[in-house]
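Colleague: Here it is, the structure, as structure tokens.
The values are calculated or read from the model by the stated rules, or taken from the named source; none is laboratory data. What you are looking at is a predicted structure, and each value in this text was computed from that prediction instead of being measured. Cβ: placed from backbone, ideal geometry, glycine included. Neighbour counts: every protein chain shown. To get the accessible areas, we keep the full protein, side chains included, count just its heavy atoms, and leave off ligands, DNA and RNA. Shrake-Rupley method; radii C 1.70, N 1.55, O 1.52, S 1.80 Å.
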Amino acid sequence: MKTIAVLGSTGSIGTQTLEVAREQKDIRIAALAAGRNIKILEEQIREFHPRMAAVWDEAAAEKLKISVRDMDVKIVSGMEGLLEISTLPEVEILVTAIVGMIGIRPTIAAIQAGKHIALANKETLVTAGHIIMPLAKKCGVQILPVDSEHSAIFQSLNGENPARIAKLLITASGGPFRGRTREELAGVRVEDALKHPNWSMGQKITIDSATLVNKGLEVMEARWLFGVDLDQIQVVVQPQSVIHSMVEFTDGAVIAQLGTPDMKLPIQYALFYPDRRFLGGARLDFARLAKITFEEPDTDVFLGLPLAYRAAREGGSMPTVFNAANERAVSKFLRREIGFTDIYKIITECMDAHQTRQNPSVEEILETEQETYELIESRW
């Protein structure tokens, strides 16, 4: 029996994690955490009977307490609630499916408490990889990637010597606007950007996929997860989303992980690693698969990727600026306050204005995030 806690249980990754738990039968849910969606959280509490649940919004937490007063569950709130859940003694694996830099402190607390991390929170490594990875090594904790691309690399490296990596090849679908010009991007609507051709994801990550910011975040994550240089990471557009990523080794061999676009596969692999369990669903039919094609990403149009490489090369606090600026810009786009290409403008302006801090502490990372938000609100 695996005992886990899920941060972000009402989001896309969180709900699919609970689907895996529902199907596998031998996963115990000790704790759940959500932002403010107490309707879905209450349903999850009644089904999985966790002993603790957290809601970020304190007022929502008070409402939830009333709704589940007939249940034997402790309701907590805010950062203190997340930290309490992340360090529960019985939890073996913490699934970090929460969105945003609020995931950093709970992840650090969980690592210090000896919990393995099933990582789906990009911001943790993008902004604090220099803190997280050495700490995990010191504490003997595994960071198990849930993101499909990083899981594919992780699987492709199974049994291989990491010192023999020549290149990581991270695949991208190209998003809904692949092949469009800058001028065509300027007029796209929110509804258009949310129509991902292959994957079903939350709104924020779907927009990030459309801008290729998501792929830039994955590059920064991969650098920390697999201990490679930026120049060893290449993004390749693979529109069919059949190859989830690849590793090229020093002898020229390339090992890839293929499958249907189903996030439950990497989630389940992280939870049961190194075991492989049966997973229902569609299978690749190579007899019917007409072709697998590849393209270079258009970095002249989709500026999310080159901006991410710039932030990663600068290092220090600059990836935090890139991430925070994008987060706030995407939020504004979803509220129809700015246009699609304004996301790139906001990220660029924030990066241009920032004085990089090298080796920032958690406090400095969070200060940089707030400074970036304040700059955006003063200009946009």
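Colleague: So what's the back-of-envelope 222 nm ellipticity for the chain, counting only DSSP H runs of four-plus at -39500 (n - 2.57) apiece and dividing by all residues, rounded to 500?
Modeller: It comes out at -14000 deg cm²/dmol, rounded to the nearest 500.
Colleague: Based on the Cα atoms of the range 27-66, what semi-axes does the equivalent ellipsoid have, where each is the square root of 5 times one gyration tensor eigenvalue, given in whole Å with the largest first?
Modeller: After scaling each eigenvalue by five and taking roots: 17, 9, 8 Å.
Colleague: Related question: Express the accessible area of the range 236-337 per residue in Å², computed with a 1.4 Å probe while the remaining protein chains stay in the model.
Modeller: Solvent-accessible surface per residue comes out at 46 Å².
Colleague: Pull up the cross-link candidates among the lysines for K115, meaning alpha carbon to alpha carbon under 22 Å and not fewer than 8 places away within one chain.
Modeller: Cα-Cα hits under 22 Å: K2, K25, K74, K137, K138, K264.
Colleague: Now a separate question. At 1.4 Å probe size, with every protein chain present, just tell me what the per residue accessible area of the range 1-143 comes to in Å².
Modeller: Value returned for the range 1-143: 41 Å² of accessible area per residue.
Colleague: With Kirkwood's inverse mean 1/r over C-alpha pairs for Rh, give me the Rg to Rh ratio of the chain, two decimals please.
Modeller: Reported Rg/Rh, Kirkwood definition of Rh: 0.95.
Colleague: Turning to a different aspect of this structure: Bin all alpha-carbon pair distances of the range 117-193 at 5 Å intervals from 0 and give each bin's fraction as a whole percent.
Modeller: In order of increasing distance, the bins hold 3, 11, 15, 17, 17, 12, 9, 8, 6, 2, 0 percent.
Colleague: Same structure again: What three numbers, in Å, describe the spread of the alpha carbons of the range 1-137 along their principal axes, ordered from the longest?
Modeller: The Cα atoms of the range 1-137 stretch 43, 33, 26 Å along their principal axes.
Colleague: Counting only Cα, what are the radius of gyration and maximum Cα-Cα distance Dmax of the range 285-380, in Å?
Modeller: 16.7, 56
Colleague: What whole-number distance in Å separates the alpha-carbon centres of the range 319-377 and the range 1-49?
Modeller: If you average the Cα positions of each part, the centres end up 31 Å apart.
Colleague: GNM on the chain, C-alpha springs below 10 Å: top fluctuator among I292, I111, I85?
Modeller: Comparing I292, I111, I85 in a Gaussian network model of the chain, the most mobile one is I292.
Colleague: How high is the relative contact order of the range 239-370, in percent, counting Cα pairs under 8 Å that sit 6 or more residues apart?
Modeller: 19 percent
Colleague: Note down the nm distance, to one decimal, between modelled labels 7 Å out along Cα→Cβ at C139 and at T293.
Modeller: 4.6 nm
Colleague: Additional query: Radius of gyration and Dmax for the range 44-200's Cα atoms, expressed in Å?
Modeller: Reported Rg and Dmax, both Å: 19.7, 57.
Colleague: Pop out the carbon and sulfur fraction of the accessible area of the chain as a percent, whole number, probe 1.4 Å.
Modeller: 48 percent
Colleague: Another question, then. For E364, E23, give me the order by solvent-accessible area with a 1.4 Å probe, most accessible first, ignoring ligands, DNA and RNA.
Modeller: Descending order: E23, E364.
Colleague: Can you tell me, using C-alpha contacts under 8 Å and at least 6 residues apart, the relative contact order of the chain as a whole percent?
Modeller: RCO, the chain: 15 percent.
Colleague: While we're on this one: Pick from G304, G174, G202: which is most flexible by mean-square fluctuation in a GNM of the chain where alpha carbon atoms under 10 Å apart are linked?
Modeller: Greatest mean-square fluctuation among the candidates belongs to G202.
Colleague: At R0 = 30 Å, how high is the FRET efficiency between Q24 and K74 if r is their beta carbon distance? Nearest 0.05 is fine.
Modeller: 0.75
Colleague: While we're here: Go ahead and run the numbers for FRET between A186 and M1, Cβ-Cβ distance against an R0 of 51 Å, rounding to 0.05.
Modeller: 0.45
Colleague: Provide Rg and Dmax in Å for the range 185-319, with only Cα atoms included in the calculation.
Modeller: Taking only Cα atoms of the range 185-319, I get Rg and Dmax of 16.5, 48 Å.
Colleague: If contacts are Cα pairs under 8 angstrom and at least 6 residues apart, what is the relative contact order of the range 149-211 in percent?
Modeller: Normalised by residue count, the contact order of the range 149-211 is 33 percent.
Colleague: When the gyration tensor of the range 26-100 is built from Cα positions, what are the square roots of 5 times its three eigenvalues, in whole Å, from largest to smallest?
Modeller: After scaling each eigenvalue by five and taking roots: 17, 15, 11 Å.
Colleague: Next question, about the same structure. Give the distance, in whole Å, between the Cα centre of the range 215-292 and the Cα centre of the range 156-178.
Modeller: 6 Å
Colleague: Take the chain, connect every pair of alpha-carbon atoms lying under 10 Å apart with a spring to form a Gaussian network, then pick out the residue of Q355, Q44, Q268 with the largest mean-square fluctuation.
Modeller: Result: Q355 has the largest fluctuation of those listed.
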